[in-house]
Amino acid sequence: MTRYRLRFAILAAAVLLALPTLSWATVMDEVIGRGHVRCGVHTGIQGFAAKDANGKWNGLNADFCRAVAAAVLSDATKVEFFPVSVKDGLEMLREGKVDLLARNLTQTLTRDTDAGFSFVGINYYDGQGILARRQLGASNIRSLNNVSVCVQPASTSERNLEDFMQSLRVPYHKVTVANAQEMLKAYQEKRCDAMTTDYTQLAILRQTQLPDPDEHVLFRERLSKEPLGPLVRKGDEGWYKIVKWTLLAQIAAEELGIAKANVLEMKKSPQSAVRRFLGIDPGLGKALGLNESWAFEIIRQTGNYGESFERHLGSASSIGLERGMNDLWTRGGLMYAPPFQ
């Protein structure tokens, strides 16, 4: 028995010594090791993620990817963008080929309970809409009788369309298309009379992709609620919290009146909430395993949530959307950050 115990003790010691080499590296370790964040984004939709004439990615979600890089690496330029479809993006996230997915994905019960993913929050509140040709003479969705509607298959849009039209008892013809680009092409080629997806995407397509926007009607009715937000892969709680609080930092900065233009001056503020947020009074960075200046770097390099919205979707953009639900809670919107303490 003594011999067997000795052998067991030697084997156990060998296993214990090997444990450090067998442990999985965290996503943050991998990001720091390679020197950049890998971010899955839309294949191209103005306002959220699209390349400009110089090949630079711009948009609300592109800004968010850069904010994560600023928080972790103190350099918002250290991002590799991966334009992906919904299906491919989720698969790449599951396989660890991207570190996060910021691609206008709707948070639903089945997606949130999927064993592979976690939503970190909501960075855009939207609703599904329908855009149709004005020549149809329809004044609302109910009057779209027996029209053909382009929609992406296996999407929340397809199910919402079915549920909504069934509730109105309005017959229609469904035309399925692979993605947003194909949907626009089919609509322009008159293979369908109307198209449906997130309301904001339709507003952007109408304004930027259709030759005469006034010939097309974007109905005011919403078919659904579409809370959109970034996802990370499950299994790394530290990375989940870093990405989650990066989003909340963008919102909290706007609440505190901290912007890209005044962030250096705000470091002199006597307000405790501001000093904690910017890392003057330490503690928040350590809690996340980041530098104390992590939130300061986010705002210094990318601005707060409101700045990003106005730059890409609002008054400073060609799209010109109002904030609406995406305004701060103090101005009638839904954007709200928990206390940074």
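The values are calculated or read from the model by the stated rules, or taken from the named source; none is laboratory data. If you're wondering where the values come from, they're calculated on a predicted model, not measured in any experiment. Cβ sites come from the backbone with ideal geometry, for glycine too, and all protein chains shown count toward neighbours.
Determine whether segment 258-268 contains at least one residue that is under 21 Å from N104 (Cβ atoms), hydrophobic (A, V, I, L, M, F, W, C) and in contact (Cβ under 8 Å) with a residue 12 or more places away in the chain. Within segment 258-268 (the criterion being under 21 Å from N104 (Cβ atoms), hydrophobic (A, V, I, L, M, F, W, C) and in contact (Cβ under 8 Å) with a residue 12 or more places away in the chain), the answer is no, since none of the residues qualifies.
Any residue that is out of contact with any Ser or Thr (no Cβ under 6 Å at 6 or more places or on another chain) and surrounded by fewer than 16 Cβ atoms within 10 Å (Cβ to Cβ) - is there at least one of those in segment 291-307?
Within segment 291-307, none of the residues are out of contact with any Ser or Thr (no Cβ under 6 Å at 6 or more places or on another chain) and surrounded by fewer than 16 Cβ atoms within 10 Å (Cβ to Cβ).
Being over 19 Å from A49 (Cα atoms), at pLDDT below 95 and under 23 Å from the mean Cα position of the chain (by Cα), is that true of even one residue in segment 279-301? No, segment 279-301 contains no residue that is over 19 Å from A49 (Cα atoms), at pLDDT below 95 and under 23 Å from the mean Cα position of the chain (by Cα). Just one of (1) acidic (D, E); (2) more than 17 Å from E221 (Cα to Cα); (3) exposed (fewer than 14 other Cβ atoms within 10 Å of the Cβ) fails for D193. It is (3). Taking E254 as the residue in question, decide whether it is acidic (D, E) and in contact (Cβ under 8 Å) with a residue 40 or more places away in the chain. Answer is yes for this residue.
If we scan segment 130-153, do we find a residue that is small (G, A, S) and within 23 Å of A62 (Cβ to Cβ)?
no
One residue stands out in segment 197-223 among those that are touching a residue at least 40 places away in the same chain (Cβ under 8 Å) and in contact with a Lys or Arg (Cβ under 9 Å, 6 or more places away or on another chain): the one that is nearest to Q107 (Cα to Cα), namely Y199. Within segment 177-196, residues that are under 15 Å from V147 (Cα atoms) have Cβ atoms under 8 Å from residues that are of a type in the set (K, R) in these pairs: D193/R133; A194/R133, counting only partners at least 6 apart in sequence or on another chain.
From the list A76, A69, exactly one residue is at pLDDT 95 or above, part of a helix (DSSP H, G or I), among the hydrophobic types (A, V, I, L, M, F, W, C) and in contact with a Lys or Arg (Cβ under 7 Å, 6 or more places away or on another chain). Which is it?
A69
Taken together, the residues in segment 207-235 that are assigned to a loop (DSSP other than H, G, I, E, B) and within 19 Å of the chain's Cα centre (by Cα) amount to 5.
Here's the yes/no breakdown for (1) among the aliphatic types (A, V, I, L, M); (2) within 30 Å of L248 (Cα to Cα):
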position: S167; (1), (2): no, no
position: V170; (1), (2): yes, no
position: V177; (1), (2): yes, no
position: E189; (1), (2): no, no
position: D198; (1), (2): no, yes
position: L218; (1), (2): yes, no
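Of the helices (runs of 4 or more DSSP H) contained entirely in segment 280-341, those carrying at least 3 residues that are touching a residue at least 12 places away in the same chain (Cβ under 8 Å) fall at 294-302, 305-312.
For L247, the requirement of being surrounded by 20 or more Cβ atoms within 10 Å (Cβ to Cβ), aliphatic (A, V, I, L, M), in contact with a Ser or Thr (Cβ under 9 Å, 6 or more places away or on another chain) and modelled with pLDDT of 95 or more is not met. Applying the condition of being touching a strand residue (DSSP E or B) at 6+ places or on another chain (Cβ under 7 Å) and small (G, A, S) to segment 214-239 and asking which residue is surrounded by the most Cβ atoms within 10 Å (Cβ to Cβ) yields G229. Take the residues of segment 36-56 that are in contact with a helix residue (DSSP H, G or I) (Cβ under 8 Å, 6 or more places away or on another chain) and polar (S, T, N, Q): which is surrounded by the most Cβ atoms within 10 Å (Cβ to Cβ)? If we take residues in segment 36-56 being in contact with a helix residue (DSSP H, G or I) (Cβ under 8 Å, 6 or more places away or on another chain) and polar (S, T, N, Q), then Q46 is surrounded by the most Cβ atoms within 10 Å (Cβ to Cβ).
The condition (being assigned to a loop (DSSP other than H, G, I, E, B), within 19 Å of F64 (Cα to Cα) and charged (D, E, K, R)) is satisfied by just one residue among K244, K268, K260: K260.
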